[in-house]
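Step one of this worksheet: look at the structure below.
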Amino acid sequence: MLSAALSIPLLLSPLASFGAPPSAPPISPISDAATYSEISTLISKYHLQKGRLPASPPASPDYLGLLRSLDDKYSRYLSKSEYAAIQKYDLIGVGATLLPDDGGKLVVGAPPIPGSAAARAGIPEGSRILAVNGTPVGDKSAFEVVELVGPADDAVEFTYRAPGGSGDPVTVKLPRAVQKLKDPVTYSLKGPASGPRIGYVRVAEFNSLLPSSLPSALKDLEAGGAAEYVLDLRGNPGGSFQSAVEAASFFLDGDLATRVVDGAGEKMDFRAAKNSRVLPPDKPLAIWLDGNSASASEVLAGALQDNCRGATVGKRSFGKGLIQGVYGLKNGGGVVLTVAKYVTPKGQVIQGDGIRMDQRRSLDVVPGVSADVTTEDFEDVQRIVRACMAEQNTP
């Protein structure tokens, strides 16, 4: 189980863990004492390197300069429009940011997004979440709260108590407004009709549609007679961290998917769900990667590789082992902060190193456009998996 005090935020969604470095923020200073104070407080609570904060506030409260002083290319300010655009990673879609308070209880940690269901319902900042869809939250983490909402639900029921703790609990039913997204999964059955058929699955990014579209694709391929599989993560920059852990559940059964360390030094294990596996464990699986496979892609690839479920093929991945949290601000904008780092189940350090290749070879076709899966050596894939399992079982 996850610690409810895990100092990672949730915009009622998993963390957006972006792959490629963002463009540099504006260099002109922006002075706003209230926003500076708000961002400074968030950094001191949640950033992976909290000690980088200046010892005393500067004369001019330039919050962009404050973020640059972290020397962290992933931590940055989001304008109102940028903050709205990032909501595609929201798995629930009601526009409220959940954060653990000092006692580890989940509260609405920032003003709800303007125009969102939470804002229209008047849920005030600081409200403590008591129940979701009738299930008491208790000491559940924000990640566990996500699991209380089904992907097909068009509304979610929240019970909360307003700040101060003396009023009666309030229950509201909030319509979900998950953005219309492009399905990140494409798939096809390949190979000669007379030989083993190959199930090809391409994942373009890890967004809120993946947890439903990926198992559907795998089931279709299984029904079509696929005997061997290619999971193509080339060019996938990442996306939702939790979606990567959920994706691992369709290949694994309760195994450790990744280990996370936050800014407070808390270490947490994220496991694949039990009884959610879709792909039978005896089906060979090749995981295609390249230098643009990053972040959530590396979480999934590392989980499958270290649990001996498949072999990695291609070129060493990007090497982004940091997790960003997205926080709403009172001015309608937001801030992205690096809040945690992760390693693979066997302790591979992803940041700067990437995922190692079991089969190092060039896959110089455009991901999602052309993929000659018939060149894949599945006998070697199985040899690699058997060797992994033998090593795993060695005392």
| query | Once label points are set 7 Å from the Cα along Cα→Cβ at both ASN331 and GLN392, what is their separation, rounded to one decimal in nm? | reply | 4.9 nm
| query | Is there a pair in LYS80/LYS267; LYS182/LYS320; LYS105/LYS267; LYS105/LYS346; LYS73/LYS320; LYS320/LYS346 whose C-alpha atoms are over 22 Å apart, and which pairs would that be? | reply | LYS80/LYS267; LYS182/LYS320; LYS105/LYS346
| request: Determine, from the Cβ-Cβ distance of ALA155 and LYS219 and an R0 of 30 Å, the FRET efficiency 1/(1 + (r/R0)^6), rounded to the nearest 0.05. | output: 0.65
| note | Cα extents of the stretch 148-242 along the principal axes, largest first, in whole Å, come to 70, 27, 20
| field | Equivalent ellipsoid, the stretch 274-382 (semi-axes from 5 times Cα gyration tensor eigenvalues, Å) | value | 30, 17, 14
| task | Can you work out the accessible area per residue across the stretch 226-362, with the rest of the protein chains kept in place, probe 1.4 Å, in square angstrom? | result | 28 Å²
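From largest accessible area down, sort MET389, MET357; use a 1.4 Å probe on the protein chains.
MET389, MET357
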| said: Could you sort the peptides 348-355, 320-327 by per-residue average Cβ neighbour count (10 Å cutoff), highest mean leading? | reply: 320-327, 348-355
| query | Per residue, how much accessible area does the stretch 95-192 show when a 1.4 Å probe rolls over the protein heavy atoms, in square angstrom? | reply | 49 Å²
| message | Under 8 Å for C-alpha pairs, at least 6 residues apart: give me the relative contact order for the stretch 242-395, rounded to a whole percent. | response | 23 percent
| said: Between ALA34 and ARG360, what's the calculated FRET efficiency when r is the beta-carbon distance and R0 is 30 Å? Round to 0.05. | reply: 0.05
| task | State, to one decimal in nm, how far the label point of LYS274 lies from the label point of SER44, with both points 7 Å from Cα in the Cβ direction. | result | 4.3 nm
| remark: To the nearest 20 debye, the stretch 267-352 has a Cα-centred charge dipole, built from +1 on Lys and Arg Cβ and -1 on Asp and Glu Cβ, of 160 debye
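Return the carbon/sulfur percentage of the accessible area of the stretch 246-395, one whole number, probe 1.4 Å, all protein chains in place.
Whole-percent figure for carbon plus sulfur exposure: 48.
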| remark: Pseudo-spin-label distance LYS182 to LYS346, built 7 Å along Cα→Cβ, given in nm, is 3.5 nm
| said: Show log10 I(q)/I(0) for the stretch 214-261 at q = 0.30, 0.32 Å⁻¹, two decimals, from a solvent-free Debye sum over equal Cα scatterers. | reply: -1.24, -1.25
| field | Calculated FRET efficiency for the pair ASP71/ARG259, C-beta based, R₀ 35 Å, to 0.05 | value | 0.90
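The values are calculated or read from the model by the stated rules, or taken from the named source; none is laboratory data. As the structure is a prediction and not an experimental result, all values here were calculated from the model. Here Cβ is always computed from backbone atoms with ideal geometry, including for glycine, and neighbour counts include all displayed protein chains. Ligands, DNA and RNA are stripped out before the accessible areas are found, and what is left, the full protein with its side chains, is counted by its heavy atoms. Shrake-Rupley method; radii C 1.70, N 1.55, O 1.52, S 1.80 Å.
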